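Peer 1: I am attaching a structure below and will ask some questions about it afterwards.
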Amino acid sequence: DIATSIMLNQVAKKCKSLRFVIMVNYVSLLEDRGGAIKSVLKLTRNFVKDFNLEKKSFMFLFTHSDEIKIIPESIKGAKECLEQEIIRTSEGNREDDVQSILNFMLISLQKNYPFVDVIHPLKSNFQQLLLVIEKHLKRVK
């Protein structure tokens, strides 16, 4: 929303550099034919001038997958379902700005790049996640 964008813009101006870790409720992929995730991705694009140049500064972490009965309990299974949902959302998408992020997310999942993941409060290794963020996410200045 507009207030969030303004607040994040003010925070960004005070930082020397940024890395973006976007936490997304898994349900947003399923609601309104992906309309909720598309809104999140549109907001995400506004964080940088050119997402394609800065995409390695972003990590998308999907939460609450355990609350959806059709999603397997394992993180690996949840990631496989996530990939299918991103494909489905991508196929129904008509907006170029959203499509570039969906493509990035899909490639990240298919090639096991660290930019998209499913996290679970009891099953995820958060120390490992922090190391991945520090090592792989590029800083935006």
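The values are calculated or read from the model by the stated rules, or taken from the named source; none is laboratory data. Since this is a predicted model, take the numbers as computed values, not measurements. Methodologically, a virtual Cβ is constructed for each residue, glycine included, from the backbone with ideal geometry; neighbour enumeration extends over all protein chains shown. Side chains included, ligands, DNA and RNA excluded: accessible areas come from the protein's heavy atoms. Shrake-Rupley method; radii C 1.70, N 1.55, O 1.52, S 1.80 Å.
Peer 1: How many residues are of a type in the set (D, E, K, R), in contact (Cβ under 8 Å) with a residue 12 or more places away in the chain and out of contact with any strand residue (DSSP E or B) (no Cβ under 8 Å at 6 or more places or on another chain) if we restrict to the range 87-131? Spell out the reasoning first.
Peer 2: Just the residues of the range 87-131 that are of a type in the set (D, E, K, R), to begin with: 88, 91, 94-97, 111, 117, 123.
Add one more test, that the residue is in contact (Cβ under 8 Å) with a residue 12 or more places away in the chain, and what stays is 88, 95, 97, 117, 123.
Add one more test, that the residue is out of contact with any strand residue (DSSP E or B) (no Cβ under 8 Å at 6 or more places or on another chain), and what stays is 88, 95, 97, 123.
Count: 4.
Peer 1: Let me ask something else. Can you report the number of residues in the range 40-57 which are of a type in the set (A, V, I, L, M, F, W, C), in contact (Cβ under 8 Å) with a residue 24 or more places away in the chain and open to solvent by 50 Å² or more (accessible area, probe 1.4 Å)? Spell out how you get there, then give the answer.
Peer 2: Filtering the range 40-57 for residues of a type in the set (A, V, I, L, M, F, W, C) gives 40-41, 43, 47-48, 51, 53.
Of the ones still in play, those that are also in contact (Cβ under 8 Å) with a residue 24 or more places away in the chain are 41, 43, 47-48, 51.
Checking which are open to solvent by 50 Å² or more (accessible area, probe 1.4 Å) leaves us with 47.
Residues in the range 40-57 being of a type in the set (A, V, I, L, M, F, W, C), in contact (Cβ under 8 Å) with a residue 24 or more places away in the chain and open to solvent by 50 Å² or more (accessible area, probe 1.4 Å): 1 in total.
Peer 1: Just to be sure I understand, how many residues within the range 36-75 are part of a helix (DSSP H, G or I), under 13 Å from Ile101 (Cα atoms) and of a type outside the set (S, T, N, Q)? Don't jump to the end; show me each part of the working.
Peer 2: Quick first cut of the range 36-75, residues part of a helix (DSSP H, G or I) only: 36-45, 51-57, 65-67, 75.
Imposing the further condition that a residue be under 13 Å from Ile101 (Cα atoms) reduces the set to 37-45, 51-57.
Next cut, of a type outside the set (S, T, N, Q) only: 37-38, 40-43, 45, 51, 53-56.
Looking only at that region, the number is 12.
Peer 1: Which of the residues belonging to the range 1-32 are part of a helix (DSSP H, G or I) and within 19 Å of His64 (Cβ to Cβ)? Steps first, please.
Peer 2: If we filter the range 1-32 for residues that are part of a helix (DSSP H, G or I), which is where we start, we get 2-14, 27-32.
Scanning the range 1-32 gives Val27, Ser28, Leu29, Leu30, Glu31, Asp32.
Peer 1: Examine the range 58-72 for a residue that is open to solvent by 60 Å² or more (accessible area, probe 1.4 Å), under 24 Å from Leu131 (Cβ atoms) and modelled with pLDDT under 90, and state whether such a residue exists. Walk me through it before giving the result.
Peer 2: If we filter the range 58-72 for residues that are open to solvent by 60 Å² or more (accessible area, probe 1.4 Å), which is where we start, we get 64, 66-67, 69-70.
Now narrow it down to the ones that are under 24 Å from Leu131 (Cβ atoms): 64, 66.
Of the ones still in play, those that are also modelled with pLDDT under 90 are 66.
Scanning the range 58-72, I find at least one residue that is open to solvent by 60 Å² or more (accessible area, probe 1.4 Å), under 24 Å from Leu131 (Cβ atoms) and modelled with pLDDT under 90, so the answer is yes.
Peer 1: Please give the number of the condition Glu134 fails out of (1) open to solvent by 80 Å² or more (accessible area, probe 1.4 Å); (2) without any contact (Cβ under 8 Å) to a residue 24 or more places away in the chain; (3) farther than 13 Å from Met59 by Cα; (4) out of contact with any Leu (no Cβ under 9 Å at 6 or more places or on another chain).
Peer 2: Here Glu134 meets the rest and fails (3).
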